[in-house]
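The structure appears below as structure tokens.
The values are calculated or read from the model by the stated rules, or taken from the named source; none is laboratory data. Just so we're clear, the structure is a prediction, and the values are computed from it rather than from any experiment. So basically every Cβ, Gly included, is an ideal-geometry build from the backbone, and we count neighbours across all protein chains shown. The area values use the complete protein model at the heavy-atom level, side chains included, leaving out ligands, DNA and RNA. Shrake-Rupley method; radii C 1.70, N 1.55, O 1.52, S 1.80 Å.
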Amino acid sequence: MLDAATKTQLQAYFERISQPIELVASLDDRPASQEMRELLEDIAALAPQKITARFDGQDARRPSFSVSRVGAGMGVRFAAIPMGHEFTSLVLALLQAGGHPPKVEADVIEQIRALEPAEGEEFVFETYMSLTCHNCPDVVQAVNLMAVQNPRIKATM
């Protein structure tokens, strides 16, 4: 699914991953699910020691996949194939889940980590995007960063 130039570029980015990542897909029989499987297989093949892909997810949204540090249960989910300008959001989510520090001030990270929902609840963000929206990638990336930094935040794009 990914061309050779993109794969080469991603391999260089994935060298920055310091903690293993797991991609867990929830798929069905539609062609979009097959495309998502191919994308995730391509990504995992670029850094097999750092990224694994599973296809046994049970999320109601299909096709969709989560991005998480292994064992961390981070709340980043893509409920669409993130191609076009949203591909950058996926790459940043992979890097951040894999331990690469975000380009955000330390006090902002601390504020994100300190966010506390009501007892027994969590913050849930669903971001809908349009390919003509120039702000959408920034919004998706900001909410994904929050979900990587705070286990009480769930984000679906």
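Of note:
- Taken residue by residue, segment 54-62 has no member that is among the aromatic types (Phe, Trp, Tyr), without any contact (Cβ under 8 Å) to a residue 40 or more places away in the chain, open to solvent by 20 Å² or more (accessible area, probe 1.4 Å) and closer than 17 Å to Met157 by Cα.
- Taken over segment 113-157, the residue count meeting the criterion of being open to solvent by less than 90 Å² (accessible area, probe 1.4 Å), in contact with a helix residue (DSSP H, G or I) (Cβ under 9 Å, 6 or more places away or on another chain) and free of Cβ contacts under 8 Å to residues at least 40 places away in the same chain is 8.
- Criterion violated by Leu92 - all others in (1) more than 21 Å from Leu131 (Cβ to Cβ); (2) buried (at least 18 other Cβ atoms within 10 Å of the Cβ) satisfied: (1)
- Some residue of segment 84-96 being of a type in the set (D, E, K, R) and closer than 22 Å to Ile43 by Cβ: yes
- Here Met146 passes the criteria (1) in a helix (DSSP H, G or I); (2) in contact with a strand residue (DSSP E or B) (Cβ under 8 Å, 6 or more places away or on another chain); (3) under 24 Å from Met1 (Cβ atoms) except the one numbered (3).
- Under the condition of being of a type outside the set (S, T, N, Q) and open to solvent by 60 Å² or more (accessible area, probe 1.4 Å), the residues counted in segment 32-49 number 6.
Quick grid of which residues meet (1) under 23 Å from Val143 (Cα atoms); (2) assigned to a strand (DSSP E or B); (3) among the aliphatic types (A, V, I, L, M); (4) at pLDDT below 95:
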position	(1), (2), (3), (4)
Leu2	no, no, yes, yes
Asp28	no, no, no, no
Ala32	no, no, yes, no
Glu38	no, no, no, no
Gln49	no, no, no, no
Gln58	yes, no, no, no
Phe65	yes, yes, no, no
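- Of all residues in segment 67-84 being outside any loop (DSSP other than H, G, I, E, B) and among the small types (Gly, Ala, Ser), the one that is farthest from Thr156 (Cα to Cα): Gly84
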